[in-house]
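Right, one structure below, let's go through it.
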2 protein chains.
Amino acid sequence: MWMRIGIIGSGNVGRTIADGALRAGHDVRLGARMPEKPELRDWLEQASEAASLSEIEGAAEFGELLVNATTGDGSLEALREAGEENLDGKALLDIANAGTSNEHGFELTYVNDDSLAERIQSEFPDLRVVKALNTMHREVMAAPEKVPGDHTVFICGNDDEAKSQVRELLGDFRWKDENVIDLGDLTAARALEMFVPLWVRLYSALDGQLFNIAVVRA
Amino acid sequence: MWMRIGIIGSGNVGRTIADGALRAGHDVRLGARMPEKPELRDWLEQASEAASLSEIEGAAEFGELLVNATTGDGSLEALREAGEENLDGKALLDIANAGTSNEHGFELTYVNDDSLAERIQSEFPDLRVVKALNTMHREVMAAPEKVPGDHTVFICGNDDEAKSQVRELLGDFRWKDENVIDLGDLTAARALEMFVPLWVRLYSALDGQLFNIAVVRA
């Protein structure tokens, strides 16, 4: 199903998701703090006609489905900038991780009884937040075939319809349905975000080689 | 290589590791707070002649390689009970996770810039702590073939010789060497312990089905 997708955040992750959604035939607007940046102009030039570029507010207004691709510690501010009237009732795929890299890995801003996704949900109660894709390298998010064989993407959220919309987008990215694991409500975002320190240590142990994790069942 | 293994903690995890080590031909002493418990007497009766049972102190004294299979929040106390003179210079395989289960999953006692393994290492500086096996169901720890195909066990620690000893034990448990991923020094235990909330959510989402995660590489 064709959708208008508004992406909040124009860094590497945002552009990767934008390219993936464009390949799948969707209309995409990338929302940036400074859309006039040369690298974003360049991105727009090489992208298909279904791509557009605007400030964050414009992307939020444009999208039927929104994607949070900002850095985690800037997510709440970026969503405020998007304007509550542009968010209400929409599904938001939250890919962000809040925290800081250091010599030992990654320290999270929210842990245990809280998560970035839940912070977003609680500040914007009419947004329907779905957490997914935050557990892997951006190159794998919209192109799972870059890692061979079966591997896993997790999804969670409080709203089933919003989860279905995100699952559909994952399907567009060529994630096989059997490799999508639904962990339940949005409190599972705690677990998905707390996986990130392991991801960072693995990335370092594997010398930057592309990988993902697979849940292998008996 | 034949070893004397002392297991601190006689719950399900401790007995599973004991049985695995016995199958591999090692001498094993299980250390319990109350070795007179009927279920432990029963365990001893069905175990091979290479098995013995004692208080925690006796198991620590017996072992050349020690295993921490206590509940995480009781680990430091159990190790104090073991007696510093019985720990000094030995490798300790730490399998424990400190925290509390709740309706949303699992809340860790140590996060971000600390871990149970590092707490143990810092209270017992002459112990050579290696973290491994804490990321999976106990049934898979000493019997990886219970989950089909390739899947992963992580290992970390500050002492290479101690890591080699643990890797050897993993080999005895029939973990293929290529499925053991060394994440580096003991600060990686933060990441391994912070994975546990995801494990708990997965266990619930998969309805208790046995599973493990595999790191799949490009």
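Here are a few things to note about the model shown:
- Measuring r between the beta carbons of B:GLU55 and A:GLU168 and using R0 = 56 Å, the FRET efficiency lands at 0.45.
- Cα gyration tensor category, rounded, prolate or oblate, for chain B with a/c compared to 1.5: rounded
- Spin-label model distance (nm) - A:TRP2 vs A:ASP185, 7 Å beyond Cα toward Cβ: 3.8 nm
- Cut-off 19 Å, label 7 Å out along Cα→Cβ of A:ASP114, residues of the stretch B:111-141 by amide N: B:111-114
- The stretch A:37-183 - percent relative contact order, Cα under 8 Å, separation 6 or more: 18 percent
- Applying both filters, DSSP loop and at most 16 other Cβ atoms within 10 Å, to the trypsin sites (Lys or Arg not before Pro) of the stretch A:1-110 gives A:ARG33.
- With its label point put 7 Å out from Cα toward Cβ, A:LEU206 sits 1.8 nm from the same residue's point in the other copies, in order from shortest.
- Separation in nanometres of the label points that stand 7 Å from Cα toward Cβ, at B:ALA143 and A:ASP160: 3.7 nm
- Note, ³J(HN,Hα) from phi for the stretch B:94-99, Karplus 6.51, -1.76, 1.60, rounded to Hz, x at Gly and Pro: 9, 9, 7, 10, 9, x
- For B:GLU45, inter-copy label distances in nm, listed shortest first [label point 7 Å out on the Cα-Cβ vector]: 8.2
- The mean sequence distance of close C-alpha pairs (under 8 Å, at least 6 residues apart), as a share of the length of the stretch B:102-181, puts its relative contact order at 28 percent.
- DSSP-defined beta bridges in chain A - what % are antiparallel, rounded to 5: 20 percent
- Potential lengthening between A:ASP42 and A:GLU84 on full extension [0.36 nm per residue; Cα-Cα distance subtracted]: 12.1 nm
- If both residues of a DSSP beta bridge must be in the protein assembly as shown, then about 30% of such bridges are antiparallel.
- Percent of beta bridges antiparallel (DSSP, the stretch B:1-83, rounded to nearest 5): 0 percent
- Each copy carries a label point for B:TRP2 at 7 Å from Cα toward Cβ; from one copy, the others' points are 7.5 nm away, ordered from shortest.
- A:PHE195 accessible area, 1.4 Å probe, all protein chains in place, Å² to nearest 10: 0 Å²
- Dipole moment magnitude, nearest 20 debye, chain B about Cα centre, only Lys, Arg, Asp, Glu C-beta charged: 640 debye
- Karplus-derived 3J(HN,Hα), 6.51/-1.76/1.60, for each residue of the stretch B:192-203, Hz, glycine and proline x: 5, 6, 6, 6, 4, x, 5, 4, 5, 5, 5, 4
The values are calculated or read from the model by the stated rules, or taken from the named source; none is laboratory data. Note that this is a predicted model, so its numbers are computed, not measured. Reconstructed Cβ throughout: ideal geometry from the backbone, glycine too, with neighbour counts over all protein chains shown. Note: accessible area is taken over every heavy atom of the protein model, side chains too, but ligands, DNA and RNA are not part of it. Shrake-Rupley method; radii C 1.70, N 1.55, O 1.52, S 1.80 Å.
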